[in-house]
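A short worksheet on the structure shown next.
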Amino acid sequence: MRDAGLIFRPFLLIMVLMFKTRRGFPSLGGVAAEPTGWSSAKRRGGLAVALALALAFLGAGCAAPPPQDGKPQIVAAMYPFAFLAGSITGDRADVTTLVPPGTEPHDYELTPHQIAQLKDATLVVYQKGVDAAIDTAVAQSAPARVVETGSLVQLLLASSDGADTGEATGGYADDPHTWLDPNNMMVFAEAVAEAISAADPANAAAYQANLATLTAQLTSLDASYRSGLTGCQRTSFLTTHAAFGYLAKQYGLQQLAIAGVTPEDEPSPKRLAEIAATARSLGLTTVFFETLISPDYANTLATDLGLRTDVLDPIEGLSAASRGADYLQIMASNLEALRQANGCG
Ligand SMILES: [Zn+2]
């Protein structure tokens with residue numbers, strides 16, 4: 001079906017450019033990016049340019065601009081998977097992340113350009129159940145290779161930590177936050193290395209060497225969690241967003257989540273009262289929020305109970321507020337925060 005792709009691609013381009021007008025025009029063939037708020041005259045002008053470009057591609061028998069540098073194009077749905085792909089490929093592949101830095105991923109809407117990127121990707125790495133729009137787009141664009149991380153590990157039910165199951169997950173019953181267990185990340189890393197080695201066998205040895213380094217780093221992270229969370233005064237922790245079920249299960253902790261698996265699920269007054277009673281009886285010291293969202297109800301709860309607040313980062317995206325420059329460093333910061341809250345060592 002490659003030939004059909006050649007013919008359809010210019011039309012796809014037209015559609016992409018039409019949809020793109022809300023967010024400004026992409027830079028393409030000398031058409032400069034424009035801010036939002038286009039007049040309809042400008043939009044018509046842009047459409048004419050798009051048509052001309054598409055016809056030029058057809059006339060030249062050329063479907064689309066070739067990949068800029070001939071490198072494998074890896075599309076990671078969100079930061080943790082971009083971290084894996086980047087660690088394994090170094091500068092031998094181009095890695096792009098769909099959810100932009102500092103953006104909460106659970107209700108992210110893809111741009112038409114990103115949907116086109118999925119189609120052309122050498123490899124897509126994502127976790128089903130984080131964002132319904134990404135799940136749909138990956139299914140519809142049928143990229144050459146896909147690593148769906150949730151298919152590689154044992155999934156936990158979203159409700160297993162006692163939090164409300166969020167309807168915002170589109171009826172997805174499993175907890176999607178698999179990346180917060182370093183052991184899961186080792187499994188994902190292996191799958192990513194295998195997929196990219198198959199796509200780019202010339203660099204397979206380098207990918208395997210980088211995989212070995214990454215696996216050693218994740219193994220050491222796992223060991224620091226194991227030893228760091230031994231002999232603590234408490235084993236439960238209170239968080240706004242039920243993102244830490246896999247981490248809790250791996251290291252013998254109990255996650256008490258105020259909201260559901262998506263952080264904007266508002267807890268009911270009944271739920272807040274239950275949480276407050278449990279937090280008191282367990283002698284908890286801290287209400288954890290994440291870096292991307294800090295809901296009012298969590299502040300209120302902390303004030304009411306006289307607890308401190310701190311950050312436990314679900315690593316759904318990097319931001320200026322992240323306590324570390326990469327997955328490994330932020331996981332180390334999370335460990336320190338848990339140790340402090342739970343009176344470890
Ligand atoms: Zn989440």
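For segment 218-228, the criterion of being hydrophobic (A, V, I, L, M, F, W, C) and within 16 Å of the ligand (Cβ to nearest atom) is satisfied by no residue at all.
A quick yes/no check of all residues on (1) away from the ligand (no atom under 16 Å from the Cβ); (2) buried (at least 22 other Cβ atoms within 10 Å of the Cβ); (3) of a type in the set (A, V, I, L, M); (4) under 27 Å from the mean Cα position of the chain (by Cα):
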position	(1), (2), (3), (4)
Ser236	yes, no, no, yes
Ala257	no, yes, yes, yes
Pro269	yes, no, no, no
Leu272	yes, no, yes, no
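Could you please find all residues in segment 316-334 being modelled with pLDDT of 95 or more and within 16 Å of the ligand (Cβ to nearest atom)? Within segment 316-334, Tyr327, Ile330, Met331, Asn334 qualify.
If we scan segment 303-315, do we find a residue that is away from the ligand (no atom under 16 Å from the Cβ), buried (at least 18 other Cβ atoms within 10 Å of the Cβ), among the aliphatic types (A, V, I, L, M) and not assigned by TED's automatic domain parsing to the domain that holds Glu104? Among the residues of segment 303-315, at least one is away from the ligand (no atom under 16 Å from the Cβ), buried (at least 18 other Cβ atoms within 10 Å of the Cβ), among the aliphatic types (A, V, I, L, M) and not assigned by TED's automatic domain parsing to the domain that holds Glu104, which makes the answer yes. Just name the residue that is modelled with the highest pLDDT out of those in segment 167-181 that are more than 15 Å from the chain's Cα centre (by Cα) and farther than 15 Å from Ile134 by Cβ. The qualifying residue modelled with the highest pLDDT is Asp174.
The values are calculated or read from the model by the stated rules, or taken from the named source; none is laboratory data. Treat the numbers as computed from the prediction; the structure is a model and nothing was measured. Here the Cβ is made from the backbone with ideal geometry for all residues, glycine too, and neighbour counts use every protein chain on show.
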